[in-house]
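Before any comments, here is the structure.
No lab work stands behind these numbers, since they all come straight from the coordinates. Worth saying up front: this structure is predicted, and the values here are computed from it rather than measured. Cβ coordinates were reconstructed from backbone atoms using ideal geometry, including for glycine residues, and neighbour counts include every protein chain displayed.
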Amino acid sequence: MDRPSPLPAHADVRDALIVAVRAGVPVLLWGPPGEGKSRSVETLAEAMGWHSETVVGSIREASDFAGLPERTPEGIVLHAPRWAHRCAAADRAILFLDELTTATPPVQAAMLRVVLDREVGDLRLPETVSIVAAANPPDQAADGYELAPPLANRFCHLWFQADLDVWAEGLVDDWSTPIEIRVRAEAEESDRDAVRARWNQDITRFLRDHPSAFRTEVTAETGSGAWASPRTWHLAARLGAEADLAGVGPSVTALLLAGTVGEGMALEFLDHRERQLDYRSLRVLVEDDQVPFPPGLDVLWVPTALDHMVELVTSDLDRERWNRTVIRMVQAANLYGADVALEPVRRLLELRDPYWPLPAELERFGATLDQVGE
């Protein structure tokens, strides 16, 4: 992963790490040697009240992750090491996989199963264990290897570099001052479900509008970092929702999305999302035809908004909602031009009960009425 320019604020990286750890999304901290990545993760776990377990990949064998095999009367058993059992026994734990890029390819392959399936030998790590890894860029690591793309694609990638002010304060008080946890306490599951649903809709809407963003080509330059794939878009949706629930700022959300789908793709999505109506606002527009369209709505997104309004009516069809939505289409035509509403009006007419009278406002769409035999 290349060093970003400019570097993200140290506090933002820490907040992003907390959000990802709480969400259970594996994080990979990139940074030069000697920046204190290991100590920072251990201190953060202590401040959160979580157990932490550090496993250094460069001094481990593949069996330390795949399990030590033993032949038994029941078959081959793969024994997990003690560090895995300690993680599993803790209430909440961070498994810290250090020096990832100095691990040999066979060890990386064994670690892939831990990150992907949360399995160490025959032991399955519970959801209470979150995975954080650290790596030096291969050109700065002793006997460094490029991170294998299948392993890289499981992580949210964050660049970590020590902040002078934070480091100086720690040196003065011998790092005795606890880290301040700035993010909100973890949300209720019902709140999380609602926010996740909204983020899933936003990302789905973006990808339908920009299908080429669904996946990006993996190259030698990008393969060790973040890039867009079906998996990382799913991770981005989870992290975006957790960022909202944690109450962090937009810079932290941007870091989390860039760490999963890449910086360029994250910025494109965030720009698209900012221009859109919130899905809840669309429901308000359907339920009350006196509420004005938001000012400054990007005309390029208006057809998508009208399509979603039709979907809302389709899911709960009655005469009054149908009639209000028709009036909305006329309002949109007056604001943005008749062309944007032609297709949604046609779909609404197909939904109409034959006994429902046609609103007078539909005179504007005479051609569309003719197409459906009215």
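Data for the structure
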{"quantity": "Integer Hz, Karplus 6.51/-1.76/1.60 couplings in order for the range 11-21, x for Gly and Pro", "calculated": "5, 5, 5, 5, 5, 4, 5, 4, 4, 5, 4"}
{"quantity": "Dimensionless Rg ratio for the range 1-123, taking C-alpha atoms and the 2.2 N^0.38 Å reference", "calculated": "1.17"}
{"quantity": "Residue-by-residue Karplus 3J(HN,Hα) for the range 158-164, coefficients 6.51, -1.76, 1.60, Hz, glycine and proline x", "calculated": "10, 8, 10, 8, 4, 9, 4"}
{"quantity": "The range 9-113: antiparallel DSSP beta bridges as a percent of all, rounded to 5", "calculated": "45"}
{"quantity": "The chain - share of DSSP beta bridges that are antiparallel (%, nearest 5)", "calculated": "25"}
{"quantity": "Folded to 0 to 90 degrees: helix 230-246 orientation relative to the chain principal axis, Cα", "calculated": "90"}
{"quantity": "Inter-part distance where the range 50-114 and the range 222-272 are each reduced to a Cα centre, Å", "calculated": "28"}
{"quantity": "Gain on full stretching of the segment that runs from residue 185 to residue 112 - 0.36 nm per residue minus C-alpha separation", "calculated": "23.2 nm"}
{"quantity": "Of 134, 237, 110, the one that fluctuates the most in a GNM where the chain has Cα springs shorter than 10 Å", "calculated": "110"}
{"quantity": "Protection-proxy order for peptides 162-170, 70-78, each taking the mean of Cβ atoms within 10 Å per residue, highest first", "calculated": "162-170, 70-78"}
{"quantity": "Environment charge of residue 321, counting only residues whose C-beta is closer than 15 Å and scoring Lys/Arg +1, Asp/Glu -1", "calculated": "-2"}
{"quantity": "Ratio Rg/Rh [Cα only; Rh per Kirkwood] for the range 185-268", "calculated": "0.99"}
{"quantity": "For the range 38-93: rounded, prolate or oblate by the Cα gyration tensor [a/c cutoff 1.5]", "calculated": "oblate"}
